[in-house]
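Notes for the one structure printed next.
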Amino acid sequence: MAAYDPYDPETLSVGVLGRPHGVRGDIYFRPHNPQSRAFDDVRQILLVREGESRLYHVTSMRPVADAYVAHLEGVEDREAAAALTQSEIRVARASLPPLASGEYYVEDVVGCAVEGEDGRPLGVVRGTIWNGAHDVATVDGADGRERLIPLVPEFVLNVDATARKIRVRWDDDDDDL
C-alpha cells in the first residue's frame, strides 16, 4: 500500500468546518492554526468531503475565539450549513501570504522522505503532532523504527516540499531521547 501524501502544490488544507451558527447559513470554520490570520482575506475556499470537492465564495468571515464564523455564497439556511459540517477547507496557496525563506507549511511535510544531514535515509513522515511547544514529525523508518523529530530549526535543516524531501540533523543517539 502506498503512503498517504496530502501534498497539493495548488492548495493547502487550513481547517475544517464545524457546526452551523444561527439560522441564516453561517458556519464555524475551525482553522488548523487558530493564531494565524493568514486567511482573513481569503474569498474562495475549496470544501472537500467524502472525496468530493466544491469551490465556494466566502461572503463574510469574522474571527471568534479560536475559530471564525463564515458565510458561503449559496448556503442560506441552517440545514445547508449543517450538510457541510466536517468538510476539509482548502485554499489556493496563491491567496496566502508568501512564505519567507526557510518557512514551510507543516502540512507539507507529511509524506516527505526524511534524510540525515549525511544523506542517510531515516524514513517517511506519516503525520505531525503538536506537543504544546512546537510541531513534531512522526517518521516511519525503513528499519521499522518510529522517530519523533521536532520541527524546529535545531533539527530541521531544509524542507523541500516540491521535491518531497526533508533534511534533518539527527543521529542514532537522538532516537533514545
Discussion item. On the basis of being assigned to a loop (DSSP other than H, G, I, E, B), without any contact (Cβ under 8 Å) to a residue 60 or more places away in the chain and not hydroxyl-bearing (S, T, Y), does A137 make the cut?
Written reply: no
Item to complete: Working only within the range 23-53, note down all residues that are modelled with pLDDT of 95 or more, within 15 Å of T85 (Cβ to Cβ) and of a type outside the set (A, V, I, L, M).
Response: G25, D26, Y28
Fill in: Residue among V110, V91, V106, V168 that alone is open to solvent by less than 60 Å² (accessible area, probe 1.4 Å) and farther than 15 Å from D8 by Cα
V168
Worksheet item: Of the residues in the range 141-165, how many are open to solvent by less than 70 Å² (accessible area, probe 1.4 Å) and acidic (D, E)?
Response: 1
Item to complete: For L99, indicate whether it is in a loop (DSSP other than H, G, I, E, B), at pLDDT 95 or above and at negative phi.
Response: no
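The values are calculated or read from the model by the stated rules, or taken from the named source; none is laboratory data. Since the model is a prediction, treat every value here as computed from it, not as a measurement. Every residue, glycine as well, gets a Cβ built from its backbone with ideal geometry; the counts of neighbours run over all protein chains shown. For accessibility, only protein heavy atoms count, side chains too; no ligands or nucleic acids. Shrake-Rupley method; radii C 1.70, N 1.55, O 1.52, S 1.80 Å.
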